Structure formats: structure tokens, C-alpha cells
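This report concerns only the one structure given below.
The values are calculated or read from the model by the stated rules, or taken from the named source; none is laboratory data. All figures in this text were calculated on a predicted structure; none of them were measured in a lab. Here Cβ is always computed from backbone atoms with ideal geometry, including for glycine, and neighbour counts include all displayed protein chains. Side chains included, ligands, DNA and RNA excluded: accessible areas come from the protein's heavy atoms. Shrake-Rupley method; radii C 1.70, N 1.55, O 1.52, S 1.80 Å.
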Amino acid sequence: MLYLASQSPRRRQLLEQLGLRFAVLDVDVPEVHRENEPPEDYVSRVAREKAGAGLLQVAGVAGAIVLGADTEVVLDDEVFGKPADAAAAAAMLRRLQGRRHRVISTVWLLSAGREEHATSLSEVSFAPMDEAAIAAYVASGEPYGRAGAYAIQGLAAAHIDHLSGSFSGVMGLPLHETAQLLRHFGHPV
């Protein structure tokens with residue numbers, strides 16, 4: 001049985017897009033970037049901790065496979081988490097607009113005797129945005145709960161002028177890498 005260690009509606013939607021049957025686990029993993037921790041290491045660690053916390057919940061289930069994932073926006077080696085409020089969202093968007101940034105998305109699969117992971121690296125750039133465009137986007141409510149204060153699959157798409165990499169990875173779960181990992185685990189995709 002496949003378990004998703006995430007309450008993210010986007011991750012659920014993306015797994016459903018693959019036609020997979022799975023159950024959702026509610027895990028509480030602090031997403032705290034450690035001092036001097038490289039962004040790739042941070043994203044991988046958090047994804048691994050989510051999968052590990054999920055595996056503990058289903059330890060007695062034979063054949064359980066737990067998927068944990070994390071996605072972060074990185075500009076100039078600074079990890080942009082989820083904005084705490086409208087001011088933080090606007091500040092992130094001001095810094096991202098007119099520039100290219102990286103999106104790191106890592107997936108971990110864990111079972112009782114095995115673990116593997118994969119990382120997707122994407123590059124995204126926003127066209128220049130004036131203050132009115134930033135304010136309107138923040139007012140839409142879409143930036144909340146999203147790394148870097150934007151959703152590529154939503155209203156932000158009107159401001160994105162470049163994507164190199166994985167669209168689903170920027171959304172929160174790189175489907176190509178996820179499908180490969182599941183096949184390695186012998187799970188049909």
C-alpha cells in the first residue's frame with residue numbers, strides 16, 4: 001500500500017494524476033532551515049523526515065511504502081519558505097520578479113527495509129511586476145501556503161516567462177522522478 005506523508009492538496013492531485021491509489025498520512029515535521037545547510041540538503045532532509053514520520057505511523061502495515069516530499073524556492077542560495085503574511089508574500093515576489101530562481105523538489109520513498117530518493121531541479125523566472133500586479137496577486141490569496149509565495153499552476157502563470165525543468169516539480173511533486181522511484185520499489189505506475 002502506498003501512503004502520502006503530506007496534507008498538500010497539490011501533492012494528492014499530482015499522485016491522482018498518475019492514477020495511483022494511496023492513503024494520506026498527517027505528519028508534523030518542522031521545516032526549519034539549519035544555519036549553513038545547503039538548500040539541496042535542506043529540501044532532502046525535510047522530505048526524508050516527512051517520509052520517516054509517515055513510516056512510523058504505518059510500521060505494522062505489511063508492504064507499506066511511504067512517500068515524503070518537499071519543494072522550496074531558492075534565490076541566491078536563500079531558501080524562500082512559505083510567506084507568513086501579506087507583507088512577506090509581497091517582499092518575496094518583489095525579490096523574485098525580473099529574476100531567475102531555482103526550485104528544488106525532492107521525493108523520498110521509504111518501506112520497512114528500503115529507501116530511495118530523487119531530486120528535481122527547475123529554473124523559473126518571473127517577468128518584471130509592478131507594485132499593482134504584486135498587490136493584486138497577494139490579494140488573491142494564492143501566495144499563502146506556497147514556497148516562494150506563488151503557485152505556478154494558478155494566477156502566477158501570467159507572470160512566469162521562463163520554466164526549465166519540471167512543471168509538476170515546481171507544483172510540489174516531480175511526477176517523472178516519483179514514477180521512477182515507484183517502479184524501483186515494484187509499485188505499478
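Tell me, yes or no, whether the stretch 126-133 has at least one residue that is modelled with pLDDT under 95 and over 21 Å from Glu16 (Cα atoms).
Here is the first cut: in the stretch 126-133, the residues modelled with pLDDT under 95 are 126.
When the remaining residues are screened for being over 21 Å from Glu16 (Cα atoms), the result is 126.
Yes - at least one qualifying residue is present in the stretch 126-133.
Among the residues of the stretch 162-170, is any modelled with pLDDT under 95 and more than 18 Å from Glu40 (Cα to Cα)? Before you say what the answer is, go through the steps one by one.
Let us first name the residues in the stretch 162-170 that are modelled with pLDDT under 95, namely none.
Scanning the stretch 162-170 turns up no residue that is modelled with pLDDT under 95 and more than 18 Å from Glu40 (Cα to Cα).
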Residue in the stretch 1-48 that is surrounded by the fewest Cβ atoms within 10 Å (Cβ to Cβ), counting only those that are without any contact (Cβ under 8 Å) to a residue 24 or more places away in the chain, touching a strand residue (DSSP E or B) at 6+ places or on another chain (Cβ under 9 Å) and not acidic (Asp, Glu):
Arg21
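Just checking, which of Gly172, Gly186 is closer than 23 Å to His33 by Cβ, of a type outside the set (Phe, Trp, Tyr) and either under 16 Å from the mean Cα position of the chain (by Cα) or open to solvent by 20 Å² or more (accessible area, probe 1.4 Å) (or both)?
Gly172
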Log entry, pairs with first residue in the stretch 161-189 being touching a residue at least 40 places away in the same chain (Cβ under 8 Å), second being basic (Lys, Arg), beta carbons closer than 6 Å, six or more apart or on different chains, reads Met171/Arg10; Gly172/Arg10; Gly172/Arg11; Leu173/Arg11; Val189/Arg183
With the requirement that a residue be open to solvent by 50 Å² or more (accessible area, probe 1.4 Å) and in a helix (DSSP H, G or I), what does the stretch 91-120 give you?
Arg94, Arg95
Residue match in the stretch 148-156 (condition: over 13 Å from the mean Cα position of the chain (by Cα) and open to solvent by less than 50 Å² (accessible area, probe 1.4 Å)):
yes
Enumeration of residues in the stretch 106-143 that are more than 30 Å from Ala59 (Cα to Cα), in contact with a helix residue (DSSP H, G or I) (Cβ under 7 Å, 6 or more places away or on another chain) and not aliphatic (A, V, I, L, M):
Ser122, Phe126, Tyr137, Ser140, Glu142, Pro143
In the set Glu123, Glu131, the lone residue that is open to solvent by 50 Å² or more (accessible area, probe 1.4 Å) and free of Cβ contacts under 8 Å to residues at least 12 places away in the same chain is Glu131
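Suppose the filter is of a type in the set (Ser, Thr, Tyr), buried (at least 20 other Cβ atoms within 10 Å of the Cβ) and touching a residue at least 24 places away in the same chain (Cβ under 8 Å); does Tyr144 pass it?
On the way: of a type in the set (Ser, Thr, Tyr): yes; buried (at least 20 other Cβ atoms within 10 Å of the Cβ): no; touching a residue at least 24 places away in the same chain (Cβ under 8 Å): yes.
For Tyr144, the condition - of a type in the set (Ser, Thr, Tyr), buried (at least 20 other Cβ atoms within 10 Å of the Cβ) and touching a residue at least 24 places away in the same chain (Cβ under 8 Å) - is not met.
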When the residues of the stretch 49-90 are narrowed to those that are free of Cβ contacts under 8 Å to residues at least 60 places away in the same chain, closer than 19 Å to Pro174 by Cα and outside any helix (DSSP H, G or I), which ends up most open to solvent (accessible area, probe 1.4 Å)?
Val79
